[in-house]
Structures are given as C-alpha cells and as structure tokens.
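Here the structure comes first, spelled out in structure tokens, and everything after it is commentary.
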Amino acid sequence: MADYTSCRNLLVSKTREEEEENEITFQRYKEIVSNLPKEESTAFEKFICNYQGFWYADVHCQGVLAVQEHFKAHSTDIIIASNPKSGTTWIKALIFATVTRGKFPMDNHPLLFETPHILAPFLEITLYNNRIPDLEILPSPRFFGTHISYTSLPQSMIDSGCPIVYICRNPKDVFVSMWHFKNKMRDRASKPPIDAMEAFERFCQGVSHFGPFWDSVLGYWKASLERPQHVLFLKYEELQADPVVHLKRIAQFVGCPFTSEEEKEEGLVDEILRLCSFEKLSNLEVNKTGKVAGSSLGHEAFFRKGQVGDWKNYLTSEMIERLDQITEEKFHGYGLKL
Ligand code: A3P
C-alpha cells in the first residue's frame, strides 16, 4: 500500500520503455532550454537560464517545463511554495504534521525517519527530474514543494483551487543562507567557496536560482491578496516570533483547524511545533546522515542555524544598505515589508 515515503519509488525508472519515453520527452525540453537566454557566473556553477522572467539551472528549467505540461493537480493537494532558503523545510514539516495528525503516533511519526523533502517532494527539482512520474500512486492528500514563480505554476494547479502556502524570508538572511548552502555543495565537490561579492552582485541584480527573489515574493503576495482562499502568504520571521498563532492560521487555511480539545487538552499545537523545531529535526539521524535522493548532498545542508538575523554576522553595512534599498524600491506601493 502506498504511504508517504512512496515518492522514493517514483524516483527510479521501472522499465526500459519508460526510460526511453522519458528520454524522448526530456530531449524536447533540453532543446527548448538550450535556446533560452543564459547568464554565466561562478555564483551558480555553470549557468542559469531565463524562462518566463525567472532564472533556473538547466535541469530545473526542464523540470518546470515538464511540470507545466504534465502535472495534474487534485483539489486536495497541498502546495508549499517558496524561494530557496526561506524556510521551506520547516514549513513542509509543519504542514505535513498538521494535516496528517491523528494518522501517526508522535513517537513513531514519519518525520522522525524521513526528510520533509520526501514527504513533500519538490515538483520541478525532485519528481520531474528527467522523468514524468505517476503521482497518482501517492496517498491523499498529496504534499508538494515548489520554487516555481506564481505566474509559471501549471494551470491545473490554479484551476483546481488547491491550497498554496508560500513562505518568504528577509532577503538578507536568504542570501546568507544560500551562500552557505552552495558552499556546502561545492565543498563536497572539493571546489573552493563561491566569491561572496560576485554572488551578492548577482543576487541584487535578480540573477539567482528561482529569482529574481523580489519578483517571486511579489507574485505570491499579489496572488494572496487576489485569491486569499487559495494562497496563504507567510513570513519566516513571523513564524519564528509567534509559531502558535501562525500554525493555527495554516491549519485553518488548509482546511483542518485545530479543535479546542486538540489545542488545550491534548497540547497538539505545541507537540507539532516541538516535532518540527530546528533542534528536533536537525538532530534526527535521517537529517544528520541521510543524503538527498540522487545526490551526494546531505540532508544536513538544509539545517544550518535556523535563526532570524544571522546576516548581521556576514554582511557589510554597504551590503545591508543596498539590499534594504532594493527591497524598499521593489515593494514600494504593495503594502509588503520584509
Ligand atoms: P539558515 O541557513 O539561515 O540556518 P530552505 O528549507 O528553504 O532550504 O531554508 C533553509 C533555512 O531554513 C536554513 O536557514 C535552515 O537552517 C532553516 N531551517 C530549516 N529547518 C528549520 C526549522 N525546523 N526551523 C527553523 N528554521 C529552519
């Protein structure tokens, strides 16, 4: 019977025919991607390409094309969207634990043995990575992560009306977190760290993976104002400051609000927050030693400090001023502050 780890079975091709079919499909995507505008920089390994106004690594861009063409949303799906390094891992865990509460005992919970990135796998990065997976085998509700911009989401996702939860974070912390993350990947490949000034310049120009950062945030912000029933906009900092309030908001939004018994007598909100806390998740064996499916990168790369404001330890006053100014300008008139 399918369970929430069944996603792992989707990450391997079953038959030679299936493999050949995938190869043919992706050959077409590769051709499309090879004709897109590109930017090269040491800040993103080889190059990134621009598709529908956003920057992607070539393999992710092929994934976006495949998702747009093949993903069939169910109204019961739950989509967790973000720009990378905004707290996606945390929110995936929180949503999974909230929606499936009652299905698993807390002392034998899937989150204790499996990474949130398998329980709520990324569409364009993990599932549609050189293959068209049969997502119908996954148990309902299905949980998916994505970094695709709102404007490029597959039409079926919008039409289905399934809930989309977007998490954003202050760009100064996003930049610092991303810089560390990429260096961890480079370290594995025995490469020197990325030049921080080059990476910073590119980030400010909007040329970053799944960026421009500000356009990603604004797209979901506007959607949350236009379709509040379908798009919930969260801030990492607010979640850190008042997790109880925001977890209850999330539960309400995805259609499974906590009852007062669950909240008060059973202490479920606190229990879920404890299970999904940085301290708990980052110390689990699966997250300390497990590897990202199909990669040599460890799950531990998704857990660094989990704090608000670590940028103070890394950015110069010029860098702070520049990022603040860009954020101010980009969000001016939209009623959004980060
Ligand atoms: P830092 O690098 O600042 O520590 P993403 O999941 O989108 O890749 O984001 C990763 C960031 O979220 C990292 O930030 C990571 O430490 C932090 N994070 C991961 N799990 C968390 C949790 N349970 N609670 C709070 N922050 C968490």
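The values are calculated or read from the model by the stated rules, or taken from the named source; none is laboratory data. Remember, predicted model here, so these are calculated numbers, not experimental data. So basically every Cβ, Gly included, is an ideal-geometry build from the backbone, and we count neighbours across all protein chains shown.
At-a-glance table
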| read-out | value |
| --- | --- |
| Single unsatisfied condition, residue 145 versus (1) within 25 Å of residue 206 (Cβ to Cβ); (2) part of a helix (DSSP H, G or I) | (2) |
| Within segment 5-37, tally of residues that are under 23 Å from the mean Cα position of the chain (by Cα) and free of Cβ contacts under 8 Å to residues at least 24 places away in the same chain | 1 |
| Segment 59-90, residues that are touching a Lys or Arg at 6+ places or on another chain (Cβ under 9 Å) and either modelled with pLDDT under 95 or closer than 30 Å to residue 283 by Cα (or both) | 77, 78, 80, 82, 83, 85, 86, 87 |
| Residue in segment 181-189 that is more than 16 Å from the ligand (Cβ to nearest atom), modelled with pLDDT under 95 and either of a type in the set (D, E, K, R) or not in a helix (DSSP H, G or I) (or both) present | yes |
| Single residue of segment 195-222 satisfying the filter (buried (at least 21 other Cβ atoms within 10 Å of the Cβ) and among the aliphatic types (A, V, I, L, M)) that is modelled with the highest pLDDT | 217 |
| Single unsatisfied condition, residue 194 versus (1) within 16 Å of the ligand (Cβ to nearest atom); (2) of a type outside the set (Asp, Glu); (3) outside any helix (DSSP H, G or I); (4) more than 15 Å from residue 42 (Cα to Cα) | (4) |
| Near pairs, Cβ below 9 angstrom, 6+ apart or cross-chain, from segment 79-106 (closer than 16 Å to residue 248 by Cα and charged (D, E, K, R)) to any residue that is away from the ligand (no atom under 11 Å from the Cβ) and assigned to a strand (DSSP E or B) | 92/143 |
| Failed condition for residue 140, given (1) in a loop (DSSP other than H, G, I, E, B); (2) within 16 Å of the ligand (Cβ to nearest atom); (3) not acidic (Asp, Glu) | (2) |
| Selected residue (only one of 6, 13 is over 29 Å from residue 216 (Cβ atoms), in contact with a Pro (Cβ under 9 Å, 6 or more places away or on another chain), among the hydroxyl-bearing types (Ser, Thr, Tyr) and at pLDDT below 90) | 6 |
| Residue, nearest to the chain's Cα centre (by Cα), within segment 292-323, restricted to residues that are more than 16 Å from the ligand (Cβ to nearest atom) and more than 26 Å from residue 201 (Cβ to Cβ) | 294 |
| Segment 63-112, subset of a type in the set (Val, Ile, Thr) and away from the ligand (no atom under 16 Å from the Cβ), residue surrounded by the fewest Cβ atoms within 10 Å (Cβ to Cβ) | 76 |
| Selection count where residues are part of a helix (DSSP H, G or I) and either of a type in the set (Asp, Glu) or loosely packed, with under 11 Cβ neighbours inside 10 Å (or both), scope segment 1-26 | 8 |
| Scope segment 280-338; condition among the polar types (S, T, N, Q), surrounded by fewer than 16 Cβ atoms within 10 Å (Cβ to Cβ) and either in contact with a Gly (Cβ under 8 Å, 6 or more places away or on another chain) or more than 30 Å from residue 222 (Cα to Cα) (or both); matching residues | 283, 289, 295, 296, 313, 316, 317 |
| Single condition residue 272 does not satisfy, out of (1) away from the ligand (no atom under 14 Å from the Cβ); (2) in a helix (DSSP H, G or I); (3) of a type outside the set (Gly, Ala, Ser) | (1) |
| Which listed residue is of a type outside the set (Phe, Trp, Tyr) and at pLDDT below 95, from 279, 271, 266, 238 | 266 |
| The one condition in (1) within 16 Å of the ligand (Cβ to nearest atom); (2) out of contact with any His (no Cβ under 7 Å at 6 or more places or on another chain); (3) hydrophobic (A, V, I, L, M, F, W, C); (4) assigned to a helix (DSSP H, G or I) that residue 326 fails to fulfil | (1) |
